[in-house]
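Presented below is the structure to which this report refers.
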Amino acid sequence: MTMLKLSEIRIDGGTQFRPRINQDKVKEYKEFMLDDAVFPPISVKFDGSTYWLWDGFHRYFAIKEIGAKSIESLVEPGTQKDAIRAARKANAHHGIERDYETKRNAVMDALNDPYNEGASDREIARQCDVSHSFVASVKDPSMKTASRVKRSIEKKVASTPVES
């Protein structure tokens with residue numbers, strides 16, 4: 001772990017897929033931190049000159065609101081693009097649950113990444129920690145509706161009593 005100055009950390013590199021920071025959660029984290037709760041370090045990629053935050057935005061803003069000048073950080077080598085790619089999975093299994101828009105933003109970023117040209121839905125899903133059917137529904141929104149209709153029909157069929 002490394003203590004980094006908040007002023008050294010870039011938060012404007014396209015590494016946040018949430019449409020907005022949840023100010024209530026920032027306030028809650030701040031209160032917990034003031035009560036000496038221990039939070040995991042934020043995660044950054046370092047390209048030799050810039051630290052790119054990719055996981056821990058709410059913790060970053062809570063620390064900033066407290067007035068602290070530095071934050072415990074997990075620093076890994078990598079470029080801004082590496083940070084963006086890592087951020088696609090951020091909060092898949094911890095922190096504030098990702099909503100539809102957050103997951104969609106990550107998938108759209110992966111789909112628009114030249115690195116992923118020709119990548120399968122399953123590969124995009126792996127990169128964003130979502131299901132391949134979610135990727136398909138982002139690529140073709142009509143599939144989302146068709147999938148919902150199919151599940152509804154399957155439920156009705158499963159719950160229909162069988163006549164003897």
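The values are calculated or read from the model by the stated rules, or taken from the named source; none is laboratory data. All of these numbers come straight from a predicted model, not from anything done at the bench. Every residue, glycine as well, gets a Cβ built from its backbone with ideal geometry; the counts of neighbours run over all protein chains shown. Heavy atoms of the whole protein, side chains included, go into the accessibility calculation; ligands, DNA and RNA do not. Shrake-Rupley method; radii C 1.70, N 1.55, O 1.52, S 1.80 Å.
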Original post:
If you go through region 58-80 one residue at a time, do you hit one that is part of a strand (DSSP E or B), under 30 Å from Val138 (Cβ atoms) and open to solvent by 50 Å² or more (accessible area, probe 1.4 Å)?
Top reply: yes
Subject >> Any hit, region 65-78, residues being free of Cβ contacts under 8 Å to residues at least 24 places away in the same chain, within 30 Å of Phe134 (Cβ to Cβ) and not small (Gly, Ala, Ser) >> reply: no
**OP:** Out of the residues in region 100-140 that are touching a residue at least 24 places away in the same chain (Cβ under 8 Å) and not in a helix (DSSP H, G or I), state the one that is farthest from Lys25 (Cα to Cα).
**Re:** Asp113
**OP:** Take region 81-99 and flag every residue that is over 9 Å from the mean Cα position of the chain (by Cα) and part of a helix (DSSP H, G or I).
**Re:** Lys81, Asp82, Ala83, Ile84, Arg85
Subject >> Filtered residues of region 3-53 (kept if polar (S, T, N, Q), open to solvent by 50 Å² or more (accessible area, probe 1.4 Å) and assigned to a loop (DSSP other than H, G, I, E, B)) >> reply: Gln16, Asn22, Ser49
Subject >> Candidates Ile9, Ile21, filtered to the one that is of a type outside the set (Lys, Arg), closer than 15 Å to Ile96 by Cα, touching a Phe, Trp or Tyr at 6+ places or on another chain (Cβ under 7 Å) and in contact (Cβ under 8 Å) with a residue 24 or more places away in the chain >> reply: Ile21
